[in-house]
Amino acid sequence: MKLPRVRVRMMVLLRLSAVLTLVGLALMCWAVLQPTPLPTIVAMSLGQVVGTVAFGMFILAIVIDLRRDARARRRLIDSGEKIHQDLHEEPPA
Amino acid sequence: MIAIGAALLSAVILVWFLLARPQLTRVTRVVLLMGIGVLPLMTAGTGNLNGYNATKSRRFCGGCHVMGPYAEDSDNLKSTTLAARHARNPHLGEDNCYYCHADYGMFGTVTTKIGGMRHVYEYLFNYRNMSLEEARTSIHLRGRYSNNTCMQCHSTQLPSWQAIGDHKAALEEIRNDTTSCASAGCHGPAHPFSKSGKQEAQR
């Protein structure tokens, strides 16, 4: 039951990351289109922080996903080994 | 325009991801890496470069209302102030504020930018609501205007420069910064309207 919850969290992280990236991009583009003090300072500080946080969330989501995949694969290998052991186990005397 | 192009491309990817809600396959991950990582980095990089260049322009400096008269004076083709005459020099042109107020040397760009952030702080907390008249008499340079800034272009080495009597007489004082190029007896203040305002206020 733990697996689906991780999946949901990861997708939420990805969507949040996408939304934050859009916000960061909007701030950065504002400065490009209107190069006056306020937009430039906002873009070079807040815009970059938002973008970096969004990218961090994306990396986190991907790491969670890869770990989940690795865990599932390990579980599959473990169960395969168990079947293999069961097949080759000597019958009780 | 690279910044805007990359941002638009990234926005298309992100809006697609948010609306279409695709399965998280390897292809989706790579596309998202482009949309959240690579393309926004391009926007940030070129945007930073653009922002850095923008902060050097006179339009940027004149963006705060208290700097308006200074920028207008530089824009004025009929003005004979030191600042306006430098603005008409094609090598300085639109960026004349920066070239005359920048720190030079190895870390000059960094210290100039840090100083610029201080200007923003001062503007936000002290000068934002100040009237132009009040600003004209109260705004002043932090510290002394160094001759080293002038000497970036006017090296004091050329014979034609040294041929001027006053230059020759005060050569050492000019080089060691004890006599300012912008002092009243020499080339005068670069923004005389602000100085005359100060004198009027002191009367």
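Every read-out reported here was derived from the displayed coordinates using simple, explicitly stated rules and does not represent laboratory data. Please read all numbers here as calculations on a predicted model, not as lab measurements. Neighbour counts run over all protein chains shown; Cβ positions are idealised from the backbone, glycine included.
Can you put A:LEU20, B:LEU14, B:LEU19 in order of Cβ neighbours within 10 angstrom, beginning with the fewest? The partial results should precede the final answer.
On the way: A:LEU20 22, B:LEU14 25, B:LEU19 8.
Placing the least packed residue first, the sequence is B:LEU19, A:LEU20, B:LEU14.
Name the helices (complete DSSP H segments) of chain B with a Cα length along the long axis of 20 Å or more and a Kyte-Doolittle mean of at least -1.0, or state none. Don't skip to the end; give the middle numbers.
Details: long enough: B:2-20 (27 Å, 2.66); B:39-54 (22 Å, 0.06); B:108-122 (21 Å, -0.33).
Helix filter hits for chain B: B:2-20, B:39-54, B:108-122.
For region B:1-109, which trypsin sites (Lys or Arg not before Pro) pass both filters: DSSP loop (anything but H, G, I, E, B) and at most 15 other C-beta atoms within 10 Å?
Details: sites: B:ARG26, B:ARG29, B:LYS56, B:ARG58, B:ARG59, B:LYS78, B:ARG85, B:ARG88; in loops: B:LYS56, B:LYS78, B:ARG88.
Counting only loop positions with at most 15 other Cβ atoms within 10 Å, the trypsin sites (Lys or Arg not before Pro) in region B:1-109 are B:LYS78, B:ARG88.
How big is the Rg/Rh ratio for chain B, C-alpha atoms only, Rh by Kirkwood, two decimals?
On the way: Rg = 23.6 Å, Rh = 20.5 Å.
Result for chain B is an Rg/Rh of 1.15.
Region B:122-199: which trypsin sites (Lys or Arg not before Pro) are DSSP loop and have at most 16 other beta-carbon atoms within 10 angstrom? It would help to have the intermediate numbers written out before the result.
Numbers: sites: B:ARG128, B:ARG136, B:ARG142, B:ARG144, B:LYS168, B:ARG175, B:LYS195, B:LYS198; in loops: B:ARG128, B:ARG142, B:ARG144.
Passing sites in region B:122-199 are B:ARG128, B:ARG142, B:ARG144.
Mind checking the mean number of beta-carbon atoms from other chains within 10 Å of the Cβ atoms in B:51-58? Walk me through the numbers before you get to the answer.
Numbers: counts 10, 2, 1, 10, 5, 0, 2, 0.
The shielding value for this peptide is 4.
Can you give the mean number of other chain Cβ atoms that lie within 10 Å of the Cβ atoms in peptide A:22-30?
Working: counts 9, 0, 6, 14, 2, 1, 12, 8, 1.
Neighbouring Cβ atoms belonging to other protein chains average 6 per residue here.
Place the peptides A:71-82, B:30-41 in order of packing, highest mean first, counting for every residue the other Cβ atoms within 10 Å and averaging per peptide. All intermediate terms of the calculation are to be shown ahead of the outcome.
Working: A:71-82: 10.3, B:30-41: 19.7.
The most tightly packed comes first, giving B:30-41, A:71-82.
Specify the inter-centroid distance of region B:65-127 and region A:16-93, based on alpha-carbon positions, in whole Å.
44 Å
If you filter region B:90-145 for chymotrypsin sites (Phe, Trp or Tyr not before Pro), then keep DSSP loop positions with at most 16 other Cβ within 10 Å, what is left? Can you show the working numbers first?
Values: sites: B:TYR98, B:TYR99, B:TYR104, B:PHE107, B:TYR121, B:TYR123, B:PHE125, B:TYR127, B:TYR145; in loops: B:TYR104, B:PHE107, B:TYR145.
Passing both the DSSP loop test and the Cβ count: B:TYR104, B:PHE107.
Over all residues in A:36-43, what is the mean tally of Cβ atoms on other chains that come within 10 Å of each residue's Cβ?
Values: counts 7, 13, 4, 3, 10, 6, 0, 8.
Average per residue, whole number: 6.
Can you sort B:TRP16, A:TRP30 from fewest to most other Cβ atoms within 10 Å of each residue's own Cβ? Don't jump to the answer; show the numbers that get you there.
Details: B:TRP16 14, A:TRP30 18.
The most exposed by this proxy come first: B:TRP16, A:TRP30.
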